[in-house]
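Read through the structure below, which is laid out as structure tokens, and then see the notes.
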Amino acid sequence: MSILSKIINLIKDTISPKKCYSCKKEWHFLCQQCQKTIWEYFPYCYICKSKSQKYMLHWQCQTNVNFDKIIVKYHYKNNTIKRLIKDSKYYNRHEILYEFWQSLSNLLFENEHFENEKDYIIIASPMYLFRKLIRGYNHSEILAKIISKETQILHNFDIIKKVRHTKQQSKLNKKERENNLKWAFSINKKFLNQIIWKNIIVVDDVISTWTTINEIAKILKNNKAKKVIWLVIASD
């Protein structure tokens, strides 16, 4: 965060202090003490939900799976986390996302072996353009931009686009999910050279099923991305 941004945030906090969503103490939307009381995910394989080294998928779980790991911080069933995410997502509370970037960045570096940051690029979970125009922003892009700036890992939100509106995946059966995602995403050929043999970090707020993730990872892998890593605040 720049010095100017810190000064602006300090002025805002002085006029109207943030309050912890859990204990109501001032200065943070989620204070450090309350963070310690919220159950966090241990490193696990997202497919079978059992322990795994650094969130990697087990070899026996990799059939028809295109992503390499999903790094998750919190459980979405926690009411405090759910409220924080919903307010940042639907009610224009962008400043809430600053509560998560540090812990997500730390989690990323703890569970991914970085030999050279230039081998990585950060993107955000894409949002359908019309939906983005109605809402006015893509909260995942805002979070990804913060993480990119603080970690010095380059970002590009134009690499992959959502080109068709889709229904909510969690409300569909397996076959409906597959049909729902057909032709929903496309790669921007202008930036193909930026993903060749690169490790792609996709930042998102919450995930409930891995079908969307798998479809996006498939497109990236088909265009020669080396590895696809999802970094999310919470999951069911």
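The values are calculated or read from the model by the stated rules, or taken from the named source; none is laboratory data. Model, not experiment: these values are computed from the prediction. Every residue, glycine as well, gets a Cβ built from its backbone with ideal geometry; the counts of neighbours run over all protein chains shown.
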Subset of segment 186-211 (residues that are over 28 Å from Asn116 (Cβ atoms) and free of Cβ contacts under 8 Å to residues at least 60 places away in the same chain): Ser186, Thr209, Thr211
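Yes or no: segment 209-220 includes at least one residue that is assigned by TED's automatic domain parsing to the domain that holds Ser125 and part of a loop (DSSP other than H, G, I, E, B).
Looking for residues that are assigned by TED's automatic domain parsing to the domain that holds Ser125 and part of a loop (DSSP other than H, G, I, E, B), one finds at least one in segment 209-220, hence yes.
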Residues that are charged (D, E, K, R), over 19 Å from Ile85 (Cβ atoms) and touching a residue at least 40 places away in the same chain (Cβ under 8 Å), drawn from segment 16-54: Lys54
Only listed residue being basic (Lys, Arg), at pLDDT below 95, exposed (fewer than 14 other Cβ atoms within 10 Å of the Cβ) and more than 15 Å from the chain's Cα centre (by Cα), chosen from Lys49, Lys54, Lys132: Lys49
Residue in segment 95-103 that is among the charged types (D, E, K, R) and within 28 Å of Gln32 (Cα to Cα) present: yes
Positions within segment 185-201 being surrounded by fewer than 18 Cβ atoms within 10 Å (Cβ to Cβ) and either in a loop (DSSP other than H, G, I, E, B) or aliphatic (A, V, I, L, M) (or both), in sequence order: Ile187, Asn188, Leu192, Ile196, Trp197
Search result, residues across segment 139-158 that are at pLDDT 95 or above, within 19 Å of Val232 (Cα to Cα) and outside any helix (DSSP H, G or I): Ile153, Leu154, His155, Asn156, Phe157
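Does Leu220 satisfy the condition of being free of Cβ contacts under 8 Å to residues at least 24 places away in the same chain, of a type outside the set (Lys, Arg) and in contact with a helix residue (DSSP H, G or I) (Cβ under 9 Å, 6 or more places away or on another chain)?
So Leu220 fails the test.
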Residue match in segment 137-145 (condition: of a type in the set (A, V, I, L, M), surrounded by 13 or more Cβ atoms within 10 Å (Cβ to Cβ) and either over 16 Å from the mean Cα position of the chain (by Cα) or farther than 21 Å from Lys89 by Cβ (or both)): no
Single unsatisfied condition, Glu176 versus (1) closer than 25 Å to Tyr76 by Cβ; (2) part of a helix (DSSP H, G or I); (3) in contact (Cβ under 8 Å) with a residue 24 or more places away in the chain: (3)
Residue match in segment 109-121 (condition: among the hydrophobic types (A, V, I, L, M, F, W, C), modelled with pLDDT of 90 or more and assigned to a helix (DSSP H, G or I)): yes
Any hit, segment 65-82, residues being over 24 Å from Lys221 (Cβ atoms), surrounded by 15 or more Cβ atoms within 10 Å (Cβ to Cβ), outside the structural domain of Phe29 (by TED's automatic domain parsing) and charged (D, E, K, R): yes
Of all residues making up segment 65-86, the number that are touching a residue at least 24 places away in the same chain (Cβ under 8 Å) and assigned to a helix (DSSP H, G or I): 6
Residue check, Ile159 touching a residue at least 12 places away in the same chain (Cβ under 8 Å), assigned by TED's automatic domain parsing to the domain that holds Ile216 and not aromatic (Phe, Trp, Tyr): yes
Which numbered condition Asp204 fails, given (1) surrounded by fewer than 17 Cβ atoms within 10 Å (Cβ to Cβ); (2) under 15 Å from Phe157 (Cβ atoms): (1)
